[in-house]
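Undergrad: My questions will all concern the structure given below.
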Amino acid sequence: MPVEIDIEHVARLARLALTGEEKERLSRQLPDILSHAAKVGEVAAEDVPPTAYAVPRSNVFRADEPDECLPHDAAMAGAPEVEDHRFRVPRIVEME
Amino acid sequence: MASNDAHETVIGLECHVELSTATKMFCGCPNEFGAPPNTHVCEVCLGHPGSLPVPNRKAVEYAIRIGLALGCEIAPRSLFHRKNYFYPDMPKNYQISQYDLPLCVGGHLDVEVDGRTRRIGITRVHLEEDTGKTVHPGTTGRIAEAEYALEDYNRAGVPLVEIVSEPDVRSAEEARAYLTELRATLLALGVSDVRMEEGSLRCDANVSVRSRGAAELGTKVEIKNMNSIRSVERALLFEEERQRRALAEGTPLVQETRHWDEDAGRTLPLRSKEYAFDYRYFPEPDIPPLEPDPAWIEEIRASLPELPAERRARFAEAFDLPPAQVRVLAGSTEWADFFEEAVRLGADPRAAANWMTQDLAGLLNQHRVELSGSKVTPAHLADLVRLVGEGTISSAGGKAALEEAFAKGASVEQIVEERGLRQVSDVAALGAIVDEVLAENPGPAEQFRSGKEGVIGFLVGQVMRRSGGAANPKLAQDLLRERLLTGG
Amino acid sequence: MGDPREPCDLPAHEIAARLASGEGSAGQVVESSLARIEAVDGRVRSFLAVTAEQARQRAAEVDRRRVAGETLSAVAGIPLALKDVLATRGIPTTCGSQILRGYVPPYDCTAWARLQAAGSVLVGKTNCDEFAMGSSTENSSFHPTHNPWDLDAVPGGSSGGSAAAVASGQAVWALGTDTGGSVRQPAALCGVVGMKPTYGLVSRYGLIAFASSLDHVGTFTRTVRDAATLLSAIGGHDPRDATSLPGPPPDLAATLEEGVRGLRIGVLEEGFGEGVEPGVRDRIGEAVDRLAALGAEIGEATLPHAGYTLSAYYLIAPAEASSNLARYDGVRYGHRADDPRDVVDMMTRTRGEGFGDEVKRRIMIGTYALSAGYYDAYYGQAQKVRTLIIRDYEEAFGSFDLLLSPTSPTTAFRLGERTDDPMAMYLSDVFTIPANLAGVPAISVPCGVDERGLPVGLQLTGKVLDEATVLRAAHAFEQDLGWTTRPPLLEAAAG
Ligand SMILES: [Mg+2]
Ligand SMILES: [Zn+2]
């Protein structure tokens, strides 16, 4: 099964900046890997249900009881940029 | 809107409701509005590497409550999915939400418009997590002009339910009725503060206009950023008109998302995206499926309070009240409970309803307080209704007593005593006042005798004044007539 | 010179016995471990961070309690290494990635929190393939790790740093993570015991996710007994992980001595197919004979859909990874690109600069496999294959108590040999991946060396939550084999 990938589109969805050389390499490798992966289509019949969880469980809850928060300073400690007790990011132009 | 033209408007509403749990959806941070930025956060709701979500049982219970109240089926098995997209207010860059297996499906909400009941279908009710809050510092606050943005994650991970209606709403007015009813229902359920101004109820609308009777929908436009029920109504009126005009002019409509600009009073297209959204939903591997125990669901069902619609029907039936009063009284749990308590304490329902919807509502309005924030109690109302009914105080005296109770909270009996509001019905006492008034007003007395009967009102007024408002006006008039006609 | 072994070369249970009898101190043990790091890690390069000062303080604390007459836990005072994908509060945790260079977690993973509370002594954080994506530890963005048995060979991966550290006595035991074999395969290639328990037996809280439904915390030890001890110390229900299984930590040492007599062991025919090196095939054949001689009932077994496991794995794991790794965006922690134009530019370049080739490759595969129009053909189908694999195991476990195969088709390969060929690298995990898809427990236990003197690992796989049988058989085999060969690196140092 030949696989075509719009590398630019997928990279944009994944928010990944790729160099020209990386795009070229991925354009070569990904179709190979994916056509191998596409073998999954050969076996799984209609009536086989998908499995998302290896060992099934259900209804796992926590009680609605408060737990410790992080101290504010610890919450902000790793931030690349902070202003006014908030995480500062560059201007948001896309979406709203 | 004109209902007999060639087009009809089709509206579907998507409401996000923040649940009033003590803690967030997937971690133990407090779910509390208004804390200093980034103080209600932990490794889970900040999306730190390695942290994991565990669902809050109360939030699931609240979502089931909502589903049951809206007549939904509670799915025997539902899943959390990840909705993947990048946005800086979302710490993991995916939102834990529900997708093709939501918790509640297929309900309805009955709303009243123009005295008719309309049934609006509910497609689904699902659970998800809220995002953080972005502020865009800058002169105008407009996002596109801001130099940078700041993120506060206190709200990130707060439990949300998303309530999606069928495209059954046909006008802005119906949308308002739907939201009003939904809000009242959620309040009655005790699952949310539903404060639109604080964002605990948020609503988006899908609007299209099509040829009347057509099966296919017209071009769908999504409207966002409406911060009150009133702005939803305004935005829908604007958008409906815009689309109708475009159809009339033959201008093609585009499927898009538009932003409601409250100040300008119009919807504007959001910056067009480079590419369509592709959320890449897949089952959230960190959270096992929800398979609520039927016994738990029944327990929740049994604990449901009376809902506003049921209450309205009962009020109309049991108390024989006009629809307008029923709407006000049954419109909120607070008002309905207040009213019912007054009735339980012995108040005549129709009189109590009148006092509440007119005088009390007027006072609250004037002083801009909520019923719960005032000093008036159901006992005040019950005493008031009883004393006026018995004739112990006049209705003017009753108004004065209500104002005093509203301001100070003292008992009605006490106010009546202190302010001497009790009607004087003692013939001897009142007779003395009547005699004084006649002696001091020989002119009007003469006019009466010569046939100008209307002057009796002036004389009653004088008796009332002299008695400090305490005289029983009916008795005063009887005594005046008696004295004047017997020639005394 | 008698016994060339230092305290750090002993199995944990022997060290614990010495501490209990007052024959030695936790201080001495940790010093021997730190000295070994000093002596060999310049060549092996197991560690990304060595926590010498904290280790000394913790050992001193253990000794204070010991001298005061307290009964120590089985893990107290034993030098431990943690793979750098396990979050440690106050200690940098990088996942071998530039995007987390300098990141210091504000909390501890549950496994370490439990060990810490029991007196365990952390000597450092170990190297790994970036975000655990790889089978050779060459994908670390910091440096590769070398195999103590042959410094020109890879230690396996992705938990290669932990495997090499235990093999070379730098740590007595270690934790790693296993998403497709990342504990068992490096354990095999480094000649130590590597155990991946049932999915959910050990909390994943604080295990920095690669593929959530496949990720497991696993153990590296010198003996099977130590694996049982370490697993018991970290296992059991954790309310912070909704996929963690209910119940208290199991006592896995209790049944260790029960032997293999009467156990039905199925030898997987796939384990002798194409691509399996002769040296590996020979050692595994001998292991089967040995187990038969010990009284196990040997039969032939198969997982009919084994041929599809790599395909399913290379869809499910990247798909989950593409989502799990979305949080590295330069907003809250970690690397951020310079002079961003806007927030999209910032996120895009941050990720482009911060992630290495293999991580980018898998994010791209996963994003594609989940994207509109492809989900059903790729991710959806892979999840169905997963169902088939689970059914294969159920079928096989209808006839057998354990399944046996090589851990890896080859022994340690040379550094750089497979770096340009992702598919060849992915084949390293062909025997280990099925257990991740099904969540069943599996162990790799040393079974000698090949003709080049490189270790071969024997894999035993059990039923869900039947760690006890897996460990008991591995222990019986280990005792019978009595393999004591040490990496040449250590013999040279001792000599
Ligand atoms: Mg939503
Ligand atoms: Zn939190």
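The values are calculated or read from the model by the stated rules, or taken from the named source; none is laboratory data. Computed from a prediction, not measured in an experiment: that's the story for all the values here. A quick note on method: Cβ atoms are made from the backbone with ideal geometry, for glycine too, and the neighbour counts reach across all protein chains shown. Only protein heavy atoms, including side chains, enter the accessible area calculation; ligands, DNA and RNA are left aside. Shrake-Rupley method; radii C 1.70, N 1.55, O 1.52, S 1.80 Å.
Undergrad: As an exercise, use a Förster radius of 45 Å and the Cβ-Cβ distance of A:Arg28 and B:Lys220 to find the FRET efficiency, rounded to the nearest 0.05.
TA: Approximately 0.65, to the nearest 0.05.
Undergrad: Continuing with the same structure: Could you order the peptides C:365-371, C:440-446 from most to least packed, using the average number of other C-beta atoms within 10 Å per residue?
TA: Put in order of decreasing packing, that is C:440-446, C:365-371.
Undergrad: Something else now. How far, in nm, would the chain grow between C:Glu23 and C:Tyr375 when pulled straight, counting 0.36 nm per residue and subtracting the alpha carbon separation?
TA: So the chain would gain 120.6 nm between C:Glu23 and C:Tyr375.
Undergrad: Give me the distance in nm between label points sitting 7 Å out from Cα along the Cα-to-Cβ direction at B:Asp337 and C:Glu394, one decimal.
TA: Inter-label distance under the simple model: 5.1 nm.
Undergrad: Once amide H atoms are placed 1.01 Å from N in the peptide plane, what residues at a sequence separation of 5 or more from C:Ser73, or on another chain, have their amide H within under 5 Å of its amide H?
TA: The answer is none.
Undergrad: Using the basic label-point model (7 angstrom from Cα toward the beta carbon), what is the B:His367 to B:Ala316 distance in nanometres?
TA: Output for this residue pair reads 3.3 nm.
Undergrad: How far, in degrees from 0 to 90, does helix B:395-408 lean away from the longest principal axis of the Cα atoms of chain B, to the nearest 10?
TA: 50 degrees
Undergrad: For chain A, what is the accessible area per residue in Å² when the probe is 1.4 Å?
TA: On the way: 5020 Å² over 96 residues.
Dividing the accessible area of chain A by its residue count gives 52 Å².
Undergrad: Could you pull out which residues in the stretch C:26-46 have an amide N less than 18 Å from a spot 7 Å beyond the Cα of C:Ala60, following the Cα-Cβ vector?
TA: Residues C:26-35 qualify, since their backbone N sits under 18 Å from the label point.
Undergrad: What are the ³J(HN,Hα) couplings of the stretch B:72-80, residue after residue, when phi is run through the Karplus curve with 6.51, -1.76, 1.60 and θ = phi - 60°? Round to Hz, x for glycine and proline.
TA: 7, 8, 8, 5, x, 9, 9, 10, 8
Undergrad: Hey, if you put +1 on the Cβ of every Lys and Arg and -1 on every Asp and Glu Cβ in the protein assembly as shown, which of C:Gln116, B:Leu253, C:Ala20 ends up farthest toward the positive end of that dipole?
TA: Among C:Gln116, B:Leu253, C:Ala20, the one farthest towards the positive end of the dipole of the protein assembly as shown is B:Leu253.
Undergrad: Oh, and also: So for the stretch B:18-96, what are the equivalent ellipsoid semi-axes in whole Å, largest first, each being the square root of 5 times an eigenvalue of the Cα gyration tensor?
TA: The equivalent ellipsoid of the stretch B:18-96 has semi-axes of 25, 17, 11 Å.
Undergrad: Determine, from the Cβ-Cβ distance of B:Arg481 and B:Glu417 and an R0 of 41 Å, the FRET efficiency 1/(1 + (r/R0)^6), rounded to the nearest 0.05.
TA: The calculated FRET efficiency here is 0.85.
Undergrad: Further question: Considering the dipole of chain C built from charges on the beta carbon (Lys and Arg +1, Asp and Glu -1) around the Cα centre, which of C:Gly307, C:Phe272, C:Gly200 is farthest to its positive end?
TA: So the residue we want is C:Gly200.
Undergrad: Sticking with this structure for a sec: Return one whole number: the accessible area per residue of the stretch B:427-486 in Å², for a 1.4 Å probe.
TA: Heavy-atom SASA per residue in the stretch B:427-486 reads 53 Å².
Undergrad: In whole Hz and in residue order, list the ³J(HN,Hα) couplings for the stretch B:209-218 that follow from phi through the Karplus curve 6.51 cos²θ - 1.76 cosθ + 1.60, θ = phi - 60°; x for Gly and Pro.
TA: Rounded to whole hertz, the list is 10, 9, 5, 4, x, 5, 7, 7, 7, x.
Undergrad: Set the Förster distance to 60 Å, then compute FRET efficiency between C:Ala68 and B:Ala379 from the Cβ-Cβ distance, nearest 0.05. It would help to have the intermediate numbers written out before the result.
TA: Details: r = 68 Å, r/R0 = 1.13.
Taking R0 as 60 Å, the efficiency between C:Ala68 and B:Ala379 is 0.35.
Undergrad: Give me the net charge for the shell around B:Arg386: Cβ to Cβ below 11 angstrom, other residues only, Lys and Arg +1, Asp and Glu -1.
TA: Taking every Cβ under 11 Å from that of B:Arg386, the sum is -4.
Undergrad: For the stretch C:349-462, what ratio Rg/Rh do Cα atoms give with a Kirkwood hydrodynamic radius?
TA: Using only Cα positions, Rg/Rh for the stretch C:349-462 is 1.05.
Undergrad: To continue, here is another question. Let me know the charge dipole size of the stretch B:427-486 about its Cα centre in debye, to the nearest 20, where only the beta-carbon of Lys, Arg (+1) and Asp, Glu (-1) is charged.
TA: I would put it at about 140 debye.
Undergrad: Setting aside same-chain residues fewer than 8 positions from C:Lys360, which lysines have a Cα under 22 Å from its Cα?
TA: Result set, ordered by chain and number: A:Lys23, B:Lys83, B:Lys92, C:Lys83.
Undergrad: Follow-up question, since we're still on this one. Given the whole protein assembly as supplied and a 1.4 Å probe, what does the accessible area of A:His85 come to in Å², nearest 10?
TA: 100 Å²
Undergrad: Still on this model: Rg (Å, one decimal) plus Dmax (Å, integer) for the alpha carbons of the protein assembly as shown?
TA: 38.0, 144
Undergrad: Am I reading the A/C interface right? What is its buried accessible area, both sides, 1.4 Å probe, to the nearest 100 Å²?
TA: The contact between C and A buries close to 5000 Å².
Undergrad: Can you list residues from other chains, or at least 5 along the same chain, whose modelled amide H is less than 5 Å from the amide H of C:Thr198?
TA: Here the answer is C:Leu465, since their amide H atoms fall under 5 Å of that of C:Thr198.
Undergrad: Shape call for the stretch B:7-299 from the C-alpha gyration tensor, a ≥ b ≥ c root eigenvalues: rounded (a/c under 1.5), prolate (a/b greater than b/c) or oblate?
TA: Oblate is the answer for the stretch B:7-299, as a/c is 1.5 or above yet b/c matches or exceeds a/b.
Undergrad: Amide H neighbours of B:Glu112 under 5 Å, at least 5 residues apart or on other chains, H built in the peptide plane: list them.
TA: B:Arg118
Undergrad: Can you give the percent of C-alpha pairs in chain C whose distance is more than 38 Å?
TA: Tail of the P(r) past 38 Å holds 19 percent of the pairs.
Undergrad: How tilted is helix B:378-390 with respect to the longest principal axis of chain B? Cα atoms for both, answer in degrees (0 to 90, nearest 10).
TA: The helix B:378-390 is inclined about 30 degrees to chain B.
Undergrad: About the Cα centre of the protein assembly as shown, how large is the charge dipole given +1 on each Lys and Arg Cβ and -1 on each Asp and Glu Cβ? Please answer in debye to the nearest 20. Walk me through the numbers on the way to the answer.
TA: Details: 110 positive and 156 negative charges, 250 e Å.
In total the dipole reaches around 1200 debye.
Undergrad: Keeping the other protein chains in place, figure out the carbon and sulfur percent of the accessible area of the stretch B:7-299, with a 1.4 Å probe.
TA: 47 percent
Undergrad: From the phi angles alone, apply the Karplus equation (6.51, -1.76, 1.60; θ = phi - 60°) to the stretch C:13-26 and give each ³J(HN,Hα) in whole Hz, x where the residue is Gly or Pro.
TA: With the stated coefficients, the stretch C:13-26 comes to 5, 6, 4, 4, 5, 5, 5, 5, 8, x, 6, x, 10, 4 Hz.
Undergrad: Sticking with this one: On a 0 to 90° scale, report how tilted helix A:20-37 is relative to the longest principal axis of chain A, with both axes built from alpha carbons and the result rounded to the nearest 10.
TA: Relative to chain A, helix A:20-37 is tipped by roughly 60 degrees.
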